[in-house]
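Below is one structure, written out as structure tokens; comments come after it.
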Amino acid sequence: MFKGTPELIARRREEIINACEQLYRTMSFREITLKEIGSITSFSRPTIYNYFETKEEIFLALFQREYDRWNEDLETILNGNERLTKAELSEKIAASLADREQLLKLLSMNNYDMEANSRQELLNAFKQSYGRSLRLMQMLLKKFCPDMDEADVRNFVYTFFPFMFGIYPYTAVTEKQKTAMKEAGIDYVYQTVYELTCSCLIRLLGE
């Protein structure tokens, strides 16, 4: 890795991640290349290799940043409320994910390849952010749902976090996909991220 000042390294890494995020709004993972990312940074494409060895490492860093942003939202719910009903908690968590479309889009990708093609230290850093999300969710449940025991909390986490992988595909539906569903005779009711997530949370938490 490039031996520069910590400030320069952080600034360059952030610029690369920002470029990847910008492209990912309109392009797929497959379409985005290091050349594409380099074309919208202020330095040459070969410089990227001083900070990231693969495209997957850049996406993993973007993924980590999205978890960090969601963690801030979860911390706000945790620390900004003295008491919440299960319905209110469901609504707040659902609202936090409705603002994190990039996180949900990344979750819908093949995370196995992303993690497999990243260096161990970068994967470790990512898992720290992911683990923080798990712990914050557990803290929310223990604070606002005191009737849930350890097994209930664990079962909730092991159900809800895998559910998150499917939120984006079920809510970000193209007109082409809608046409195909119609032609297949499937009367599907399309929902927003908030609606789908809130409905799931209310069912998991119960009354």
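Where a number appears in this text, it was derived from the coordinates with a stated rule and is not lab data. As the structure is a computational prediction, the values presented were derived from the model and not from experiment. Ideal geometry is used to build each Cβ from the backbone, glycine not excepted, and the neighbour counts take in all protein chains shown.
Shape annotation for the stretch 96-207: C-alpha extents along the principal axes are 45, 44, 22 Å, from largest to smallest. The value given for the stretch 1-44 is a Kirkwood hydrodynamic radius of 11.1 Å, derived from the mean inverse Cα-Cα separation. From least to most packed, judged by other beta carbons within 10 angstrom and beginning with the fewest, GLU7, GLU101 follow the order GLU7, GLU101.
Please go through the residue pairs LYS92/LYS127; LYS92/LYS176; LYS105/LYS178; LYS105/LYS143 and name each one whose alpha carbons sit more than 21 Å apart in this structure.
LYS92/LYS127; LYS92/LYS176; LYS105/LYS143
In whole angstrom, the chain maps to an equivalent ellipsoid with semi-axes of 33, 24, 14, each derived as √(5λ) from the alpha carbon gyration tensor and ordered largest first. Sparse packing (at most 15 other Cβ atoms within 10 Å of the Cβ) combined with a DSSP loop state is found for the following chymotrypsin sites (Phe, Trp or Tyr not before Pro) in the stretch 1-41: PHE2.
Which of the lysines could a cross-linker span from LYS55 if the Cα-Cα distance has to be under 16 Å and same-chain partners fewer than 8 positions apart are dropped? Hits, sequence-local ones excluded: LYS35. Span-like helix criteria (full DSSP H runs; alpha carbon extent of at least 15 Å along the helix axis; mean Kyte-Doolittle hydropathy of at least -1.0) are satisfied in the chain by 6-24, 55-79, 86-98, 120-144, 150-164, 193-205. Global dimensions of the stretch 1-120 from alpha-carbon coordinates: Rg and Dmax equal 16.9, 53 Å.
Each of GLU36 and THR159 was given a label point 7 Å from its Cα along the Cα-to-Cβ line. The distance between the two points is 3.8 nm.
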